[in-house]
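This report refers to the structure that appears directly beneath it.
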Amino acid sequence: MTSIAKQPLAHPLPASAARRRGRWALLRRFGPFVITLALLGLWELMVWALGIKSYVLPAPSRIAEELVTRWPLLWQHTGITFYETVLGFFLAAVIGIGLALVIVIWPPLERGIMPLLIFSQTIPKIAIAPLFIIWFGFGTLPKVLVAFLICFFPIVVDSVVGLRSVPPEMLHLVRSMGASAWQAFVKIRVPAALPSILAGLKVAVTLAVVGAVVGEWVGADRGLGFILLQASSSLQTPLSFAAIAILTIIGVVLYYLLELLEHLLIPWHVSKRQPGAGPTL
């Protein structure tokens, strides 16, 4: 009779399962690029086939040409918008997560402050931006404040949800084992809250780009929002699309930087597991 101890603990994946995993990995890695190239090709073909004028809808090749010829101008204004976006997002992240910590530690504060947060979120930011221009002038500060306001709320809400997601039994268990309240908070509550906090940050960083552009639309003499206004008023549609493309790239790059941070901080989370990587029977 064969001893149980001599039996293998795990079986290698079948060849078909390994091939499926390899195909899925290739799809995850190159699928977005293939789809993007296909959409750009379809766009190019549609503009050429229908004879659409470039001031109505420029072809991707015309937008790429505009990016190359106007790059010195676009690069100068890109740095300004990027700075406003990152600064507004950083302030929202620091203050938003800090406020969420205070709300969780002292629950009565939520009843007083949450209605104010909801009220601030329901006000259209395009309506507040002119007031910031009146109060703080045409410099960088009004744009940073608009970016801050537009991405502050999701950070606070997701952080509060994450910090409250720990089962009370787990906290009671570590406290009964001699851990202090601070140790339970740092070792249990914060790691459990990281997935929600990072999800809120990823949503907020894309909104920060929108906030910076909204601030530049209202009153500015520099930035990609200013370029968009100038280009649209003079029917330079390819330049408008070039500025939109750069704004899109800024948002995507910032989002995937946070995605990388998420992989580094919470590699153990279920959302980071590869499909099909679980145990097989």
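Ignoring ligands, DNA and RNA, what percent of the 1.4 Å accessible area of the range 161-230 is carbon and sulfur?
68
Among the aspartates and glutamates, which have Cα under 19 Å from the Cα of Lys125 when same-chain residues fewer than 8 positions away are ignored?
Straight-line reach from Lys125, under 19 Å: Glu84, Glu216.
Note the full-extension length gain between Glu44 and Ile118 as 0.36 nm times their separation in residues minus their Cα-Cα distance, in nm to one decimal.
Using 0.36 nm per residue and subtracting the Cα-Cα distance, I get 22.3 nm.
Can you work out the accessible area per residue across the range 84-123, with the rest of the protein chains kept in place, probe 1.4 Å, in square angstrom?
56
Going by Cα centres, the range 157-174 and the range 222-247 are how many Å apart?
Cα centroid to Cα centroid, the span is 46 Å.
Show me the ranking of peptides 241-252, 213-224 by mean Cβ neighbours inside 10 Å, starting with the highest.
Descending packing order for the listed peptides: 213-224, 241-252.
In the range 54-115, what trypsin sites (Lys or Arg not before Pro) fall in a loop by DSSP, with at most 10 other Cβ atoms inside 10 Å?
none
Give, in nm to one decimal, the length gained when the segment between Leu131 and His263 is fully stretched (0.36 nm per residue of separation minus the Cα-Cα distance).
On the way: separation 132, 0.36 × 132 = 47.52 nm, distance 4.00 nm.
Extra length from Leu131 to His263 when fully extended: 43.5 nm.
Using a 1.4 Å probe over the heavy atoms of the protein chains, calculate the carbon and sulfur portion of the accessible area of the range 89-142 as a whole percent.
Here it works out to 83 percent.
The values are calculated or read from the model by the stated rules, or taken from the named source; none is laboratory data. Computed from a predicted model, the values in this text were never measured in an experiment. Every residue, glycine among them, receives a Cβ derived from its backbone with ideal geometry; neighbour counts consider all protein chains shown. Keep in mind that these areas ignore ligands, DNA and RNA; they rest on the heavy atoms of the full protein, side chains included. Shrake-Rupley method; radii C 1.70, N 1.55, O 1.52, S 1.80 Å.
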